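Worksheet for the structure shown next.
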Amino acid sequence: MTPECYLFKDPRMDPQTLIREAEKMNEEVLREQILIKKIKALPLDKFAEVEDFVDFLHQRDEENRLKKAAARLSEKAFQEVWDNPEDADYDRL
């Protein structure tokens, strides 16, 4: 079953929301098709470059997620250092 089918099976969605979601999905599919056509039009020797770039983007996103997760985990440990009366003046800036 395609994702579009799930949209129309959800009884909680009003018609306007259904239309917006369908339009968004159609736009995403169109953008995907355009990108695929552009990649197919490249010479074969460029495919490795495209693949490397896509891998780089995935790796960068994963690194950013890990950095944000580490920052969230360290917040509690630094809470005592950050939340003290001496630093209250800086909190109001």
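Observations
- Filtered by the rule that a residue be at pLDDT 95 or above and touching a helix residue (DSSP H, G or I) at 6+ places or on another chain (Cβ under 9 Å), segment 51-84 gives no residues.
- Set Glu51, Glu80: member being under 23 Å from the mean Cα position of the chain (by Cα) and open to solvent by 100 Å² or more (accessible area, probe 1.4 Å): Glu51
- Cβ pairs under 6 Å, 6+ apart, first in segment 45-72 and under 16 Å from Leu35 (Cα atoms) and assigned to a helix (DSSP H, G or I), second open to solvent by 80 Å² or more (accessible area, probe 1.4 Å) and not small (Gly, Ala, Ser): none
The values are calculated or read from the model by the stated rules, or taken from the named source; none is laboratory data. Small disclaimer: the values here were computed from a predicted structure and weren't measured. A quick note on method: Cβ atoms are made from the backbone with ideal geometry, for glycine too, and the neighbour counts reach across all protein chains shown. Side chains included, ligands, DNA and RNA excluded: accessible areas come from the protein's heavy atoms. Shrake-Rupley method; radii C 1.70, N 1.55, O 1.52, S 1.80 Å.
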